[in-house]
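The values are calculated or read from the model by the stated rules, or taken from the named source; none is laboratory data. Since this is a predicted model, take the numbers as computed values, not measurements. Neighbour counts are summed over all protein chains in view; Cβ atoms, including those assigned to glycine, are modelled from backbone coordinates with ideal geometry. Surface accessibility is based on the protein's heavy atoms, side chains included, excluding ligands, DNA and RNA. Shrake-Rupley method; radii C 1.70, N 1.55, O 1.52, S 1.80 Å.
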Amino acid sequence: MKSELLQSKSIWIKIVLILIGMTMPLWLSVERSGLAAVIERLQAAPSGATLMMAAFGLVMLNTVRALPHYIGALLLGDELGVKLNRPWLKVAVPLIIIPLVYALINGYNSINYHFGGPAIFLLLSIAVLHFLGNGQLRPVFKAFILAQLLFGFQWLDTVLFLSAFGFGGGQISMEVKSMAAELGFGSTLSFYSLVFFAVFIVNATFLAVYLTVAEQKAKMRQDLDIARLDMVESRSGREALHLVHDLKTPLSLMEGLNSLIQMKTKDDEILQYTNKISSSIQATSDMVSEILYHEKKNWCTLKTFIEYVRANKLSDSATIYAFDLSADENIEIYINKIRMTRALVNLIDNASDAVEGKKDAKVTIATKVEQSGILIGVKDNGHGISQSNINKIWNAGYSTKSHPGVGLTFVKNVVNEHGAELSIESEQGVGTTFWIHLPKERVRDENTDYG
């Protein structure tokens with residue numbers, strides 16, 4: 001898991017954002033931002049307009065400097081919380097990283113970076129954003145809301161009477177407020193600062209509530225779609241099971257009549273035919289049992305399984321499929337052929353959707369042998385799956401398409417029933433491969449007849 005995290009591009013992007021925020025004072029100084037020139041103009045020719053310009057420039061500078069490491073810490077916490085299945089990291093990571101960044105900046109920067117009221121309020125806001133959406137609010141939405149909160153809270157640094165409560169303790173902030181007091185504009189500056197603070201905080205709050213409700217409604221619609229689909233499948237499944245169960249009666253009758261023919265005749269040719277009939281009846285009976293009982297499994301060669309998949313899916317498809325069957329086709333696997341076929345067909349359908357519209361579209365069914373066992377895979381050369389979506393695709397109902405995503409949930413359930421594993425390899429712009437890892441079994445005797 002650690003190596004996967006270190007190799008994740010998205011993780012490194014967040015770390016780079018934090019590093020950019022950490023080095024901001026080096027290349028976005030008060031002089032380079034133009035704020036120093038505004039303050040000099042204010043000192044030379046004091047006026048209310050110049051004062052407000054200086055206050056606005058100060059808030060913008062503080063916001064731009066802080067935004068990278070706040071957003072980076074927020075998104076890093078979200079991603080680590082999801083990938084490590086530790087939701088508390090979504091709050092803990094920003095609470096640790098952001099104060100640490102302030103401490104590191106103050107360690108090398110001559111101008112003190114004040115960790116005051118706005119920073120504390122923003123850390124509390126990150127926790128509230130997480131709990132408000134019950135951990136479901138998308139990171140990109142959180143980042144957008146946090147940017148507005150950051151700009152809003154920075155205005156509190158220019159409110160004169162809040163200085164005693166830890167707001168605006170930085171060198172530039174104190175200088176601007178001191179000049180406002182000298183000019184007699186202290187109350188005016190405080191009033192406009194509070195107005196800007198209120199506008200952005202209220203806007204961010206309404207936006208957070210709106211997005212949270214929208215996310216919850218989307219989740220409810222998704223759950224409703226899954227419930228409807230489950231209801232339809234359950235009803236259709238019960239009807240199908242009744243029909244399949246009724247097949248056992250004519251199969252038993254055919255087996256009995258076939259046995260009677262074998263007893264009555266000595267003709268070798270007829271006996272040869274009846275033996276084939278008996279094998280077909282047995283194969284059909286096994287399939288009926290596999291449909292009725294998901295725990296029912298039988299020995300099946302890889303060749304038989306792939307041919308069965310081809311007959312059930314590939315024969316009536318317009319898509320051209322390739323095969324990379326490296327494993328010995330006579331290796332036997334112990335599976336419920338019906339359910340495992342449905343699982344593989346689901347993976348093939350997903351791969352077909354992924355390459356839809358591509359000129360060089362290619363879907364490959366592959367087998368190979370490794371030390372751990374037999375691998376059966378489905379490869380495509382589609383657009384690939386992003387790292388953020390890889391963690392979500394196993395959730396029932398998640399889908400990048402318009403219909404509910406229940407296919408992979410079914411595949412995973414079938415794989416688990418077989419004591420096997422399901423893995424995914426994906427790279428954006430290259431394609432995706434799903435592998436079913438089955439335990440290594442036995443190799444069939446070439447001379448043994450297998451139905």
Exercise. Which residues' amide hydrogens lie under 5 Å from the amide hydrogen of Thr367, considering only partners 5 or more residues apart or on another chain, with H built in the peptide plane?
Worked result: Asp324, Leu325, Ser326, Ala327, Gly377
Problem set entry | Pairwise Cα inverse-distance average, inverted: Kirkwood Rh of segment 1-78 (Å) | 14.5 Å
Problem set entry | segment 175-199-segment 53-86 distance, computed between alpha-carbon centres (Å) | 26 Å
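Sorted by accessible area with a 1.4 angstrom probe, largest first, how do Leu302, Leu257, Leu80 fall?
Numbers: Leu302 5, Leu257 95, Leu80 35 Å².
Sorted by accessible area, descending: Leu257, Leu80, Leu302.
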Exercise. Using a 1.4 Å probe, how large is the accessible area of Tyr321, given in Å² and rounded to the nearest 10?
Worked result: 30 Å²
For this session: State the answer as a single residue: which of His130, Leu51, Leu61 lies farthest towards the positive end of the charge dipole of segment 49-144, with beta carbon charges of +1 for Lys and Arg and -1 for Asp and Glu, about the Cα centre.
Result: His130
For this session: Note the per residue figure in Å³ for the convex hull of the C-alpha positions in segment 54-163.
Result: 99 Å³
For this session: Would you check the accessible area of Val140, probe 1.4 Å, heavy atoms only, in square angstrom rounded to 10?
Result: 100 Å²
